[in-house]
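Here's the structure, in structure tokens; my notes come after.
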Amino acid sequence: MEDRYGHRISYLRVSITDRCNERCNYCMPRELQEWLPRDEILSYEETLRLIRIAADLGVTKVRVTGGEPLTRRNVVDFVREIPKIPGIASLGISTNGTLLTREIAPGQTMAAALRSAGVQSINVSLDTLDQHLYAQITGRDFHAQVLEGIEAAIQAGFDQIKLNTVLMRGRNDDQLVPLTEFAGSRNLILRFIEMMPVSTTEVLSDENFLPIADAKRTIEKRFGDLIPEPSFRTNGPATYYQIPGREQRIGFIGAMTNLHFCESCNKLRLTCDGKLRPCLGSYLEFDIMKPLRAGASDDELRRFFIGVVDRKPEQHDFRNNYQPDRKMIAIGG
């Protein structure tokens, strides 16, 4: 699949739930959340069918997201089926890390079970190493569980583990160097992500917004000039650098300040309630659940995918006074 701007679509981010056990300010900034009824959520069988159709059209990479995907029952059984789909070469999962140490079989953690099921890469959200600040940001005191979850992921032997840190001025500015040291000591990739107005517009006030350029300067004050690594890529839009004198990479994801951010976009999003979104930073979404449940054939669903890709915008709308219409937790991380 290729859109009218030359974006070749090879990456599908699949949300399997809107539920989460945390309440992060930038994702779901309300304590009371009206969860979607079960019958309005794609079943695992429906989701796998859509992944198969996407794979037929050239998708090779799948990342399972939420909400918090590990809160959904039988998630390991579901992800085990994805690598069996012809054409799928890369499978990842994004999580807040709080449930990775949960024992799901005698002597087997959730992290180990996911690895055995074929998950190759795992992204864990970690905005701070300070327990008190973590509780403020997430609304939950799960910091110790996340750190234990990261260690469980390391022990499970994933091909790649990435830590994702959302930049928040006045909140975690002083955590950038400690997080870099933490990631380096464990041979993990750390990525700093600019806040985006997905759930609320307030996160982009001058008091809250911390651009990646400022974060990069903070890192360089401690470690020296970062060494660009333009040839190193993961599945997303991060720009990577090596820390001088170390075999450590850190990445920066600047949706707001990088004017070339969208040029290499290769993804679609499938929400848990059956919407295809060609761009996170756009209101455009298309209900594929309706034809799916009305008995559409695979060919009809393929044409639906192609039609959505054809409507993919050239750039996101975040810089144009974007007004959120759905919380990030409902769209998928």
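Among the conditions (1) outside any loop (DSSP other than H, G, I, E, B); (2) within 28 Å of Phe304 (Cβ to Cβ); (3) hydrophobic (A, V, I, L, M, F, W, C), Leu42 misses just one, which is (1). A search for C-beta distances below 7 Å between a residue of segment 279-301 that is closer than 17 Å to Ser15 by Cβ and any residue that is among the β-branched types (Val, Ile, Thr), counting only pairs 6+ apart in sequence or on different chains, returns Leu280/Val198; Leu280/Ile331; Phe286/Val308. Residue selection: Arg19 fails the criterion of being of a type outside the set (Asp, Glu), over 27 Å from Met195 (Cβ atoms) and surrounded by fewer than 21 Cβ atoms within 10 Å (Cβ to Cβ).
Out of Glu81, Glu40, Glu45, which single residue is under 30 Å from Asp299 (Cα atoms) and without any contact (Cβ under 8 Å) to a residue 12 or more places away in the chain? Among Glu81, Glu40, Glu45, only Glu45 is under 30 Å from Asp299 (Cα atoms) and without any contact (Cβ under 8 Å) to a residue 12 or more places away in the chain.
A residue that is touching a strand residue (DSSP E or B) at 6+ places or on another chain (Cβ under 6 Å), surrounded by 21 or more Cβ atoms within 10 Å (Cβ to Cβ) and under 16 Å from Thr180 (Cα atoms) occurs nowhere in segment 128-144.
Condition check ((1) under 30 Å from Arg49 (Cα atoms); (2) part of a loop (DSSP other than H, G, I, E, B); (3) among the hydrophobic types (A, V, I, L, M, F, W, C); (4) free of Cβ contacts under 8 Å to residues at least 40 places away in the same chain) across all residues:
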position	(1), (2), (3), (4)
Arg222	no, no, no, no
Phe232	no, yes, yes, yes
Met256	no, yes, yes, no
Leu276	yes, no, yes, yes
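Number of residues in segment 179-208 that are assigned to a loop (DSSP other than H, G, I, E, B), among the aliphatic types (A, V, I, L, M) and either touching a Pro at 6+ places or on another chain (Cβ under 7 Å) or modelled with pLDDT of 80 or more (or both): the value is 3. Go through (1) surrounded by 21 or more Cβ atoms within 10 Å (Cβ to Cβ); (2) at pLDDT 95 or above for Met168 and report which single condition fails. Result: Met168 fails condition (2) only.
The values are calculated or read from the model by the stated rules, or taken from the named source; none is laboratory data. What you see is a predicted model; the values in this text were computed from it and never measured. Don't worry about glycine lacking a Cβ; one is built from the backbone with ideal geometry, like all the others, and counts go over all protein chains shown.
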